[in-house]
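**Q** Below is the structure I would like to discuss, written out as structure tokens.
Every number here is computed from the coordinates shown, using simple stated rules; none is lab data. Quick caveat, the model's predicted, so the values are computed rather than measured. Please note: Cβ atoms are built from the backbone with ideal geometry, for glycine as well, and neighbour counts cover all protein chains shown.
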Amino acid sequence: MNGTKAEFMHDLAVRENLSFLRFDYFGHGLSSGKFEDGCISRWRDDVLEVVDHLTSGPVILLGSSMGGWLALLAALARPTRIKALGLIAPASDFTRSLMWAGFDQKTRDAIMSAGVWMQASPYGPTPITRKLIEDGDQNLLMHQPIQFEGPVRILQGQLDDAVPWRHAAKLVDLLSSPDVVFNLSKSGDHSLSSPDDLVRLQSTVL
């Protein structure tokens with residue numbers, strides 16, 4: 001909630017006199033709970049709770065990385081409320097396509113038998129749970145058309161080492177909306193938080 005992009009979007013909303021709401025998912029950032037107790041369905045429901053109880057009227061959802069996947073799931077669940085999407089390095093189906101597909105058999109066996117495996121990351125060990133993988137499988141989107149008719153803007157970095165840009169680009173063909181724009185930053189990484197990328201973000205969502 002206090003990341004560079006979230007702060008930038010807050011300041012942009014103030015300047016443009018736009019309503020704006022940001023939040024951390026269960027087990028993330030300032031929110032309560034443990035990450036390992038969460039899953040895609042739980043975090044999708046967090047989005048829906050915010051849309052249902054803390055907003056009114058048409059909503060534009062912005063989501064970065066996993067948040068892009070959650071934004072798509074929420075849009076499918078609330079088609080009359082969510083009118084447009086801004087997806088930043090969207091990690092749709094990452095539990096299966098980007099995570100499980102890259103694990104060796106030893107890691108897969110550890111997750112399935114012990115229920116959790118600690119993945120090394122620059123931010124410290126991250127618990128990858130069997131629940132996360134199996135629940136993710138119940139929310140996969142990228143094997144069929146995605147029925148959303150509103151405008152969609154996708155911002156992706158070509159140097160992204162977490163979400164390959166070609167993975168994100170698949171959404172262009174899968175989304176049923178005729179108004180989908182894919183903006184590829186040649187120098188952008190997964191965070192897309194450089195000054196130039198923030199300028200692109202502003203032009204993408206306004």
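**Q** Would you mind checking the range 101-118 for residues with the amide N under 18 Å from a putative spin-label position 7 Å along Cα→C-beta of residue 130?
**A** 101, 103-118
**Q** Another question, then. For the chain, what does -39500 (n - 2.57) per DSSP helix run (n ≥ 4), summed and divided by total residues, give at 222 nm, in deg cm²/dmol to the nearest 500?
**A** Here the helix-only value at 222 nm equals -11500 deg cm²/dmol.
**Q** At a Förster radius of 25 Å, what calculated FRET efficiency corresponds to the Cβ-Cβ distance of residue 16 and residue 118, to the nearest 0.05?
**A** 0.05
**Q** With θ set to phi - 60°, apply the Karplus curve 6.51 cos²θ - 1.76 cosθ + 1.60 along the range 77-91 and write out the HN-Hα couplings as whole Hz, x wherever there is a Gly or Pro.
**A** Working through the residues one at a time gives 7, 10, x, 7, 9, 8, 9, 7, 10, x, 10, 10, 6, x, 9 Hz.
**Q** Expressed in nm to one decimal, what extension gain is obtained for the pair residue 138 and residue 166 from 0.36 nm per residue of sequence separation less their Cα-Cα distance?
**A** 7.8 nm
**Q** Right, here's the next one. Mind checking the full-extension length gain between residue 30 and residue 52? Use 0.36 nm per residue of separation minus the Cα-Cα distance, one decimal, nm.
**A** Extending this stretch completely gives an extra 5.8 nm.
**Q** Amide H neighbours of residue 128 under 5 Å, counting only residues 5+ apart in sequence or on other chains, H built in-plane at 1.01 Å?
**A** 117, 118, 119
**Q** Same structure again: Hey, with R₀ at 25 Å, roughly what FRET efficiency would residue 159 and residue 179 work out to, going by the Cβ-Cβ distance, to 0.05?
**A** The calculated FRET efficiency here is 0.40.
**Q** Moving on. Order of 35-46, 135-146, 113-124 by packing, highest average Cβ count within 10 Å first?
**A** 35-46, 135-146, 113-124
**Q** Can you work out the Karplus-derived ³J(HN,Hα) for every residue in the range 14-25? Use 6.51 cos²θ - 1.76 cosθ + 1.60 with θ = phi - 60°, whole Hz, and x for glycine or proline.
**A** Here the 3J(HN,Hα) series is 4, 5, 8, 6, 10, 5, 8, 9, 10, 7, 9, 5 Hz.
**Q** To continue, here is another question. Where the centre of each part is set by its Cα atoms, how far does the range 152-206 sit from the range 112-136, in angstrom?
**A** That distance is 27 Å.
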